[in-house]
Every structure is written in C-alpha cells, then in structure tokens.
Amino acid sequence: MGLMEAVSSVFSKYADFSGRARRSEYWYFCLFNVLIYMAFSSLFLLSFRMIWFMTALYSVYSLAIIVPGLAVGCRRLHDIGRPGSYLLFAFIPVVGYIFLLIWFLQDSDPGSNRYGPNPKSSGAHYAAGGGYNHPAAYSNDGHRSRTMPVSSYTESTGSYDSPARAHEHSSLVLEGMAGYHLGRKFPVRGTMVAGRDPGCAISYPEDTHGVSHRHCQFRANGSSVVVTDLGSSYGTFINGKNRLKPNHPVSLSAGDTVSLGSQKQCFTVVQK
C-alpha cells in the first residue's frame with residue numbers, strides 16, 4: 001500500500017472503527033500528516049502577513065483528522081488482535097507511548113482474527129503471471145461481476161484454498177432484491193465477500209450508504225450458504241430483523257434474505 005492509497009483508505013473510512021488496518025496504512029497516514037505540517041511551517045516562514053489565516057487553516061485540518069486518526073489507530077490495534085480501547089494508553093506518560101509504538105510496529109496477525117480477515121491478503125489472489133489481481137466474469141443475467149478466483153482466500157483458516165477447493169460451490173444463488181445489485185444473481189462458490197472494497201466478489205460503489213468496505217462474507221457449504229458479518233458498521237440482517245453478531249457464521253437456506261445495513265441493499269437465497 002502506497003502513500004496516497006493509504007491516505008485515501010483512511011479518509012474513506014473516516015469514522016470506521018471496525019475491521020483491521022495494516023502497518024503501511026497507519027504509518028503512511030502519519031507520514032502524510034508530517035508532510036502537511038512541514039508544508040504549513042514553510043508557509044508560515046514565507047508569509048508572515050497570512051500567519052493568522054494559515055494558523056486557522058491548519059487548526060481546522062488538525063481538528064478534521066482527529067476522528068480518522070483515532071479510527072485508523074483503532075483498526076491498527078485490531079490488526080494485531082488488541083482492542084481499540086488500548087488507545088487509552090496514550091494517557092499514560094512515556095510508558096503508554098512506548099507500548100503503543102511497539103504495537104503499531106507489529107506485523108498483522110496471520111489469517112483472520114476476531115476483528116476480521118487479514119488486510120494483506122483478503123480480497124486478492126495470485127495470478128499465474130505474477131502479482132495479485134481481481135478477475136471479473138459475468139453473472140447469470142449477463143451483468144459483469146466479480147467472481148471467485150482460481151485460488152481463493154479462506155477467512156476461517158487464513159490460507160489460500162487449492163484450485164480444486166476454490167471451485168466448490170453451493171446449489172444456491174444470491175439474487176439481488178433491492179439496491180445496487182437488483183436483479184443480479186451470484187452463484188455462491190468458495191468464499192465471497194460483499195462490500196465497498198473493489199476487491200470484493202460482490203462489490204458496491206464507494207458512496208453506497210450503509211455498506212462497509214468489507215461488510216460480510218458468504219461461503220459455500222454444500223446445500224447451504226454460510227454468511228458471516230465482518231464487523232460492519234451498520235450490521236448484516238437475516239430475514240429483515242435478525243442482526244448477525246460480528247464474525248459469527250450463520251447458515252442460510254433457500255428463501256432466506258440477507259440485508260447489508262438495511263433492506264435497501266438486499267439479497268434473497270434461491271435454488272439454482
């Protein structure tokens with residue numbers, strides 16, 4: 001993850017305290033703020049006449065990054081399996097900052113933890129030619145949609161399935177009943193994630209209200225589909241009323257409905 005990608009990710013998840021953030025996302029955001037500070041400092045030296053205006057502008061910026069700064073710090077702690085409340089260590093003089101520095105420098109927990117999948121590998125797969133990609137294919141109704149790769153990431157084990165396992169699928173299909181994917185059909189194969197992240201098998205536009213970047217996961221399980229909420233901000237609901245507990249898998253059968261955030265983004269489970 002590069003500098004601008006990290007900054008874009010942090011601001012797009014402005015007040016999202018759920019999920020995980022890898023080291024590069026957190027530290028590139030810190031670097032970006034240092035660069036902003038240096039830029040303002042240079043302008044202060046070059047233009048004394050505008051010092052009050054520049055001071056006010058920098059104060060506004062400083063206030064604006066408080067929430068995303070806390071959010072990415074919380075997600076960074078989640079990434080190593082620690083609760084976001086550990087940010088309160090910042091109120092412990094010296095020692096607290098040492099602990100936070102050590103934690104923020106730690107690498108991601110391998111595989112999934114209770115806060116979600118590993119952000120380094122989820123949603124990506126390795127192509128034969130080298131590098132990670134997200135190939136697209138067509139769903140049953142002719143719409144272009146993302147489908148399972150040749151080798152897919154398994155959230156529960158934190159590893160990649162073999163090509164043979166990646167083609168395992170359920171006899172059920174997710175059919176959009178409302179919202180962005182209205183009328184589209186997604187055969188459930190292997191593990192599929194729904195959310196605003198472009199790498200999701202069922203992806204939504206960035207401005208879709210109520211849908212998190214990595215909202216929920218669907219997994220083929222023979223004659224049923226297992227759905228797991230990935231710590232989404234607005235929740236995942238079964239049959240319009242039962243909100244799933246984060247990272248608590250639930251089996252679905254034909255006729256069940258799944259709503260992301262609200263019934264405005266809804267799928268029903270149908271038999272092929």
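Values quoted throughout were computed directly from the atomic coordinates according to the rules given, and no laboratory measurement underlies them. All of these numbers come straight from a predicted model, not from anything done at the bench. When we count neighbours, we look across all protein chains shown, and the Cβ atoms used for this are built from the backbone with ideal geometry, even at glycine.
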* To do: Would you pull out the residues with amide H under 5 Å of residue 234's amide H, same chain only if 5 or more places away, H placed 1.01 Å from N?
  => 212
* Structure fact -> Interchain or sequence-distant (5+) residues whose placed amide H lies within less than 5 Å of the amide H of residue 216 are 194, 230
* For residue 262 paired with residue 207, estimate the spin-label separation in nm (one decimal), with each label point 7 Å from Cα along the Cα-to-Cβ line. => 1.7 nm
* Anchor residue 264: lysines whose Cα lies under 30 Å away (excluding residues fewer than 8 positions away in-chain) -> 13, 185, 241, 245, 272
